[in-house]
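To start, the structure itself, in structure tokens.
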Amino acid sequence: MNAATTTTPSAMTAPGPGNAVAAPAPAAPPAPPSNATLAALEQRMPFIGQVRTNPRLPIMLVGALLIGLMVALYMWSRVPDYKVLYSNLSDRDGGSIITALGAMNVPYKFADQGGAILVPGDQVHEIRLRLAQQGLPKGGSVGFELMDNEKFGISQFAEQVNYQRALEGELERTIDALSAVSDSRVHLAIPKPTVFVSEKQSPTASVLVNLWPGRVLDDGQVAAITHMVSSAVPDMPAKNVTIVDQNGNLLTAPATGNGLDATQLKYVSQIQQDAQHRIDAILAPLFGEGNVHSQVSADVDFSKVEQSSEQYTPNETPKDSAIRSQQTSESKELGQTPSGGVPGALSNTPPQPASAPLANPPAGASGAAPNLGPSSEHKDTTTNYELDKTVRHVEQPQGQVRRLSAAVLVNYKPTVDAKGHTTMQPLSASQLAQVKQLASDAMGFSAQRGDSLNVVNGEFSTAPEGPAVPFWKQPETLDLTKLVGKYVLMAMVFLILFFGVLRPWMKGRLNPATQTADEAAAIAALEGPTANLEGRLVDADGNLVEAIGENAALGAPAMSSFERNLAYARQVAKSDPKAVATVIKNWVNDER
């Protein structure tokens, strides 16, 4: 090996068979860290040396990071889903519930700035039952337990106020038991009792109900709450109860202008819909669905009538009459010899003893009775007969149908001719009569009631159908396309990241011998000419190739690092082909 010849920056190497032609030198790149600096860093941070010496360590670190990320995602997915246990609690109830949850070892969270308590979703119902067993939450209202701690010597006014508060609280708890009601407030206005009838006032009540989201109270539930509140307070009529929801809507609506309330209007609508449904159901099998349309109007009587009558009918014949009572009175007087003679002393003589006449006088006696004088007999009979009496008390129920009016429209019947063409033909008179009879029977037609039924046969007009929507414009297709496109886009991004970034990086880390063409040229150039500390380039044998900055002083154009390395590689391949072949052979063996 020849020793390297040192020249000054201004010296030129003459071209010759053993010397390489110097290429124009570019500007010097920034000097890389020296070996002393790297050694110092490795001494301070041994991890850097391990990374340089072990190319598989970054892969292990990345794998560990991915495993940790997957474990974190799994643990995050295992975190329980918290749901609302109770909301809008008072501070007292909230503290009691938190204490009970701590005793039961149940995790909890706060939401809505402490206004709601959250617990794991799969334990909500169980925890509510366990807290209800403990009487929690008690709620902001108090019931009749307020009367348990009455103080001695309390005034009558305070006692009345406590009773009213307790009654309001009990009504609130009862209303809260409804499934659609979240919570409620009840306000009672109970006037003072008075002995003057003219000054007597009826109590009133106002109820505010807070409904659960998406829930409503129907008319029956509103009426039930109204009657429950009115029945709980003495002398309170149902009309004095007012119910309002959380949105300010009046639920106990007053009667409409025609005197019908919402319940009565709903009853009329139900009668009409039932009659219409019966007509459509009986005619649909004959003409097909959609070929029969009917409308029914009902006149309903909601007046309440009570009638009492009492009638008496005379008896036509005595034998058909019934004797109620009969009274008979009979009197009889026997005759005596009247007083006679001249008035005087003899006339005042006392009467002689009476002697009874002999019924069977003895023989020889005279049968003539003594003359007793005239006799009298009186007999009265009173008979009372029962009279035909009729007592009637009639109370007509509300909601009787006074009249029904129905209109039925029937489409023409399709007819297929011999050629297969379909035409619409009107119904015959007999068919219309059958339709009318079926409709009248279905609706409950009554001539005595004055019902009316009108059946019309006509051809239904069909609106022209628009152009068919293409398959690719249908909403279902668009939704499916969006869904598939989302997953395809995610798959494409994953493939691009895997094959474009992750796989080449892993391949370069796991197999450092795999190099591209440019890297091979650069390595060949480094294995050829090398730079010494003085800034000169020498070949593998130590011969001077180029002095850095020599051509730059002469104004030669600068060459890129790749072109310079490529020129060095070509020169080394020409000068020492065996060395190049050995290097390529090593590369091939490393790839295997």
(Q) So for the stretch 548-560 (the condition being outside any helix (DSSP H, G or I), modelled with pLDDT under 50, touching a helix residue (DSSP H, G or I) at 6+ places or on another chain (Cβ under 8 Å) and small (Gly, Ala, Ser)), does at least one residue qualify? (A) no
(Q) Scan the stretch 195-209 and tell me whether some residue there is touching a residue at least 60 places away in the same chain (Cβ under 8 Å), under 15 Å from residue 226 (Cβ atoms) and not charged (D, E, K, R). (A) no
Q. Is there a residue in the stretch 148-170 that is surrounded by fewer than 11 Cβ atoms within 10 Å (Cβ to Cβ) and among the charged types (D, E, K, R)?
A. yes
Q) Can you name the residue in the stretch 103-113 that is open to solvent by less than 50 Å² (accessible area, probe 1.4 Å) and outside any strand (DSSP E or B) and, of all such residues, is farthest from residue 85 (Cα to Cα)? A) 104
Q | Residue, farthest from residue 443 (Cα to Cα), within the stretch 385-400, restricted to residues that are open to solvent by 60 Å² or more (accessible area, probe 1.4 Å) and of a type in the set (A, V, I, L, M) | A | 387
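Taking residue 128, is it over 23 Å from residue 238 (Cβ atoms) and either open to solvent by 50 Å² or more (accessible area, probe 1.4 Å) or not in a helix (DSSP H, G or I) (or both)? Even if it seems obvious, please write down each step before you answer.
Numbers: over 23 Å from residue 238 (Cβ atoms): yes; either open to solvent by 50 Å² or more (accessible area, probe 1.4 Å) or not in a helix (DSSP H, G or I) (or both): yes.
Criteria met by residue 128.
Sort through 174, 194 and tell me the only one that's farther than 26 Å from residue 83 by Cβ and modelled with pLDDT of 85 or more.
Numbers: 194 fails: modelled with pLDDT of 85 or more.
Within the list 174, 194, the selection yields 174.
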Q: Give me a count of the residues in the stretch 401-440 that are touching a residue at least 60 places away in the same chain (Cβ under 8 Å) and either out of contact with any strand residue (DSSP E or B) (no Cβ under 9 Å at 6 or more places or on another chain) or loosely packed, with under 13 Cβ neighbours inside 10 Å (or both).
A: 2
Q. All but one of (1) modelled with pLDDT of 90 or more; (2) open to solvent by 40 Å² or more (accessible area, probe 1.4 Å) hold for residue 298; which doesn't?
A. (2)
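The values are calculated or read from the model by the stated rules, or taken from the named source; none is laboratory data. This one's a predicted model, so the numbers in the text were calculated from it and none came from an experiment. Neighbour counts are summed over all protein chains in view; Cβ atoms, including those assigned to glycine, are modelled from backbone coordinates with ideal geometry. To get the accessible areas, we keep the full protein, side chains included, count just its heavy atoms, and leave off ligands, DNA and RNA. Shrake-Rupley method; radii C 1.70, N 1.55, O 1.52, S 1.80 Å.
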